[in-house]
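Single-structure report; data block below.
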Amino acid sequence: MRVLHVHERAGFHGGVEQILYDTAHGLAGLGWPQGLLHSDSEPQPDFLAAFEQTFDSESVLQDFAPDVLFLHKTENAGQVQRLAERLPTVRMVHDHDLVCMRRHKYFPIGTRVCDRPAGIDCYLHLCFVQRPGTGSLLPIRLVGVGERKRAIRAHGKVRRFLVGSEWMRRELVVNGIPAERVEIVPPIPAALGEIRSVPPSDAPEVLFVGQVIRGKGVDLLLRALAQVSPPWHATVVGTGNHLDTCKDLAKDLEIEERVHFAGWVPHDELTPFYVDAALTVVPSRWPEPFGMVGIEAMARGRPVVGFAVGGIADWLEDEVTGLLVQEADTVAMAAAIGRLLGDAALRLRLGEAAVQRVRERYQPSGYLKRLMQILENTT
């Protein structure tokens, strides 16, 4: 089967592109020719290597002759509608961009998770007030919900929507996508198949891995750590536009000597951080579409403490693979971290169950097999 992927970028810019590359590379290895339609002015040759042919115009439909279209991230609603009317089409919804004008799916005031459809709530909670674009002379930018509505309507002919979690499935359904067209298919990167569990650690080390941006909740983790009674040390691996704010917060909380901000670390050099860690924390403020960083921790045998937002509850089963606490509740998170630090037997039990859960449910080979079934049934 010939698969044409549609994505705006053609390079390794983030997790979405890694999943796209791994998916195309994996399907090609199973004998399915892969093509890419993109609008990137500076495509990366190493990224393009996963595809038999790449194109920057819709002439690809004649030149590559795909059997099925596989949409990823695209802001061009008109293109989505044209393509889906011509060929069988599947859309993988990687994030909240399709339905959320802020893209974060939490309210700007109070930062509580939003479970409402695009509409009046976007105005009631001031989501339409946004930062100005580059070069703007105005202090704010006002946007309307109409663009999101048009984008959703443009997907009327898309036959299947793939999402990573039950939360994402509900998000699409509440925005008018028929439930029977939405399937949960967690996107598993090829590298997960190479991760191995590591021996338990007795060090009171708490680990965070991810972008240090507001939505990832490192500030919430710091506030929780300041309330943890047992001895602890924490390492924050990652960087982002919230890093300086978090460093200042650590000073304000008088815990800066117990928190190491390690900065960005290449993905293939993360294992030593997990070796040292007793547990990992996923303190996300935004509703994670899936939350792959938690799966990677579990694959290494590390129990996870996380907020019950977005797709986290799909893989973090409370008292089985880790400890799940209420959204943004730093007191409860502190109690969960303290409990794990003080109970080596519990850490071992949860860590072993976490490894088993990843082996059973989250393997790249299983992801590709399920994807092939869906693509074949779409044509």
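The values are calculated or read from the model by the stated rules, or taken from the named source; none is laboratory data. Just so we're clear, the structure is a prediction, and the values are computed from it rather than from any experiment. All Cβ positions, glycine included, derive from the backbone under ideal geometry; neighbour counts span all protein chains shown.
Filtering the range 79-100 to residues that are over 20 Å from Ser284 (Cβ atoms) and touching a strand residue (DSSP E or B) at 6+ places or on another chain (Cβ under 8 Å) leaves Gln79, Val80, Leu83, Ala84, Leu87, Pro88, Thr89, Val90, Arg91, Met92.
For the range 306-336, a residue qualifies if it is buried (at least 20 other Cβ atoms within 10 Å of the Cβ), among the β-branched types (Val, Ile, Thr) and more than 17 Å from the chain's Cα centre (by Cα), and the qualifying residues are Thr321, Val325, Thr330.
Filter the range 72-103 down to residues that are out of contact with any His (no Cβ under 9 Å at 6 or more places or on another chain), closer than 15 Å to Lys149 by Cβ and not in a loop (DSSP other than H, G, I, E, B), then give me how many there are. Of the residues in that region, 1 qualify. When Leu243, Leu253 are checked against the criterion of being of a type outside the set (S, T, N, Q), surrounded by 14 or more Cβ atoms within 10 Å (Cβ to Cβ) and within 29 Å of Arg103 (Cα to Cα), Leu243 stands alone in meeting it. Pairs meeting the criteria (first residue in the range 53-75 and not assigned by TED's automatic domain parsing to the domain that holds His38 and of a type outside the set (Lys, Arg), second residue modelled with pLDDT under 90 and outside any loop (DSSP other than H, G, I, E, B), beta carbons under 7 Å, at least 6 apart or on different chains) are lacking.
Scanning the range 38-71 for residues that are within 20 Å of Val90 (Cα to Cα), in a helix (DSSP H, G or I) and modelled with pLDDT of 95 or more gives no hits. Looking at the range 118-137, is at least one residue over 23 Å from the mean Cα position of the chain (by Cα), crowded, with 18+ Cβ neighbours inside 10 Å and farther than 26 Å from Leu368 by Cα? Within the range 118-137 (the criterion being over 23 Å from the mean Cα position of the chain (by Cα), crowded, with 18+ Cβ neighbours inside 10 Å and farther than 26 Å from Leu368 by Cα), the answer is yes, since at least one residue qualifies. In the same structural domain as Arg302 (by TED's automatic domain parsing), in contact with a helix residue (DSSP H, G or I) (Cβ under 9 Å, 6 or more places away or on another chain) and either surrounded by 14 or more Cβ atoms within 10 Å (Cβ to Cβ) or at pLDDT 95 or above (or both): is that true of Leu368 in this structure? Against the criterion (in the same structural domain as Arg302 (by TED's automatic domain parsing), in contact with a helix residue (DSSP H, G or I) (Cβ under 9 Å, 6 or more places away or on another chain) and either surrounded by 14 or more Cβ atoms within 10 Å (Cβ to Cβ) or at pLDDT 95 or above (or both)), Leu368 does not qualify. When the criteria are applied in full, Asp202 fails the requirement of being touching a helix residue (DSSP H, G or I) at 6+ places or on another chain (Cβ under 7 Å) and surrounded by 19 or more Cβ atoms within 10 Å (Cβ to Cβ).
Among the residues of the range 166-190, the ones that are out of contact with any helix residue (DSSP H, G or I) (no Cβ under 7 Å at 6 or more places or on another chain) and in a helix (DSSP H, G or I) come to 9 in all. Figure legend. Inter-residue proximity from the range 21-45: first residues more than 22 Å from Gln79 (Cβ to Cβ) and in contact (Cβ under 8 Å) with a residue 12 or more places away in the chain, second residues of a type in the set (Val, Ile, Thr) and surrounded by 15 or more Cβ atoms within 10 Å (Cβ to Cβ), beta-carbon distance below 7 Å, spacing 6+ or different chains. Indicated pairs: Leu27/Val3; Trp32/Val3. Determine, yes or no, whether Lys157 is in a loop (DSSP other than H, G, I, E, B) and either out of contact with any His (no Cβ under 6 Å at 6 or more places or on another chain) or surrounded by fewer than 16 Cβ atoms within 10 Å (Cβ to Cβ) (or both). Yes. Being of a type in the set (Val, Ile, Thr) and over 20 Å from Cys246 (Cβ atoms) is a condition met by no residue of the range 331-347. Selection of the range 265-313 for residues being under 20 Å from Pro186 (Cβ atoms) and out of contact with any strand residue (DSSP E or B) (no Cβ under 8 Å at 6 or more places or on another chain) yields His267, Phe290, Met292, Ile295, Ala299, Arg300, Gly301, Gly311.
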